[in-house]
Amino acid sequence: MKKIFRSPLLLIITAAVVIAAGTAFYLRYDREKPPQYRTQAVEKGDVSQTVSANGTINPVTLVSVGTQVSGTVKKLYVDFNSKVNKGQILLKLDDSLLAAQVRQSEASVQSAQASLNLANANEKRTRDLFALEYVSKQDLDTAVQAQKAAAAALISADAQLEKDRAYLAYSVIRSPVSGVVVDREVDVGQTVAASLQTPTLFKIAQDLSKMQIDTNFAEADIGNIRVGQTVRFTVDAFENQHFNGVVKQLRLNPTTVSNVVTYDVVVNVNNPEKILLPGMTAYVNIVVAEHSDALLVPNAALRFKPSADESVVSPAGSASETKKNIAGNVGGSRGAKSGGAKPSAGSMRDTFPGKVFVLANGKLKLVSVTSGITDNRNTEIVSGDLKQGDQVVIGEVQTADQSSSSGSRPMRLF
């Protein structure tokens, strides 16, 4: 019975020992293999740096048409997208009450005119009688005063009549400009009340061939934006088409939301085909810097950091160092934020120190560079020991075994 149970147990122990020894040998051999890197050649080309934001396309001139009198909409003459000319009738309000008021004012004018005629006659008669000493001086003064009061009453009645006629004319709403109706907010039979605030009846875009984009840029980007800069943008309606514009105005009034300060930047856009419609969302990119024939390295090269057990040749070519010894010097392309030294007082305003790695005899060589503008894919190299064609390291080649082992811990046998 002991031999029957000992034999399988012995086989299991032997197999486990063999597996453990093989695994240890494989891991040791795998560690001894030199690391492999992905590289990319340094190239020359054009680079442009942009700042981005979202905005809304609006007509340059958008006129809101309202009414100064209250009433019920009697008839509409235009609708959405209607082309109108200046002075064209848009709608008419029910003018029954206004017309009656005009007739009443006309009657008041006639009554005031009759009163003035009578006052003039009385004033003339009293003056003649005063000359014959049949009436007193007081009677003459009274007649003169009555004549002047009647004249003033006629002027007041004329003014009221003119006012009522103007209100009657306001019941016919006319277009103040030539353009296109982009919004209609009333229907036939609807009552509009012009009491404390003028109600809006229509919105008319004066010229849809010239549009503007109202967009908000963060205060960190506003310092690079200037009037006249080129703007490129896209809209969701035409995903594969790019449009151009020009910065027209930087408005000084800031907007603060959740302690984030933004500024309104107005962009002029030509729309000859009238395919850009009011209200569309525009994804705006403003070119703030452009350099041609620049020495370019991929941004991944500026972000690459070697592993802790990899040797790195110092820039002077002396003895190799580990990552721990150069950790304070390896970084991206943006100075103190990425671990690099701050630019000196005499350096260019838009340049930053950085580090890249090139392969030298199978080892990493650290190269200090000064970077310029970036398009978020490639970065301009202003100075440094790099030339066109150099192979910079952008990452390590990860094998299938390394990728699987990095995602899980080794299985424990016992």
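Points to keep in mind about this one:
- For the stretch 220-249, filtering for residues that are of a type in the set (S, T, Y) and touching a Ser or Thr at 6+ places or on another chain (Cβ under 8 Å) leaves 0.
- Condition check for N270: of a type outside the set (V, I, T) and surrounded by 11 or more Cβ atoms within 10 Å (Cβ to Cβ): yes
Let's see how each residue does on (1) among the polar types (S, T, N, Q); (2) surrounded by 20 or more Cβ atoms within 10 Å (Cβ to Cβ); (3) at pLDDT 85 or above:
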site: S333; (1), (2), (3): yes, yes, no
site: K342; (1), (2), (3): no, no, no
site: G346; (1), (2), (3): no, no, no
site: D350; (1), (2), (3): no, no, no
site: K355; (1), (2), (3): no, yes, yes
site: T370; (1), (2), (3): yes, no, yes
site: D375; (1), (2), (3): no, no, yes
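- When residues of the stretch 68-85 are limited to those that are outside any strand (DSSP E or B) and β-branched (V, I, T), the one modelled with the highest pLDDT: V78
- Within the stretch 242-281, the set of residues being more than 15 Å from the chain's Cα centre (by Cα) and in a loop (DSSP other than H, G, I, E, B) comprises S258, N259, N271, P272, E273, K274, I275, L276, L277.
- Taking the conditions (1) farther than 23 Å from L62 by Cβ; (2) exposed (fewer than 12 other Cβ atoms within 10 Å of the Cβ); (3) not assigned by TED's automatic domain parsing to the domain that holds V78 in turn, V188 satisfies each one other than (3).
- Considering residues of the stretch 86-103 that are part of a helix (DSSP H, G or I) and touching a residue at least 60 places away in the same chain (Cβ under 8 Å) only, the residue surrounded by the fewest Cβ atoms within 10 Å (Cβ to Cβ): A99
Results for (1) touching a residue at least 24 places away in the same chain (Cβ under 8 Å); (2) touching a Cys at 6+ places or on another chain (Cβ under 9 Å); (3) closer than 21 Å to S64 by Cβ; (4) charged (D, E, K, R), shown as yes or no for each residue.
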position	(1), (2), (3), (4)
Q206	yes, no, yes, no
K210	yes, no, yes, yes
T230	yes, no, no, no
V247	yes, no, no, no
L250	yes, no, no, no
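- Any hit, the stretch 364-380, residues being more than 38 Å from the chain's Cα centre (by Cα) and over 26 Å from H291 (Cβ atoms): yes
- Filter result for Y77 (in contact with a strand residue (DSSP E or B) (Cβ under 6 Å, 6 or more places away or on another chain) and not basic (K, R)): yes
- Test: residue in the stretch 211-229 that is exposed (fewer than 12 other Cβ atoms within 10 Å of the Cβ), acidic (D, E) and out of contact with any Phe, Trp or Tyr (no Cβ under 6 Å at 6 or more places or on another chain): no
- In the set V63, V18, V102, only one residue is modelled with pLDDT of 85 or more, of a type outside the set (S, T, N, Q) and out of contact with any Pro (no Cβ under 9 Å at 6 or more places or on another chain); that residue is V102.
The values are calculated or read from the model by the stated rules, or taken from the named source; none is laboratory data. It should be emphasised that the depicted structure is a prediction, and the values quoted were computed from it without experimental measurement. Neighbour counts run over all protein chains shown; Cβ positions are idealised from the backbone, glycine included.
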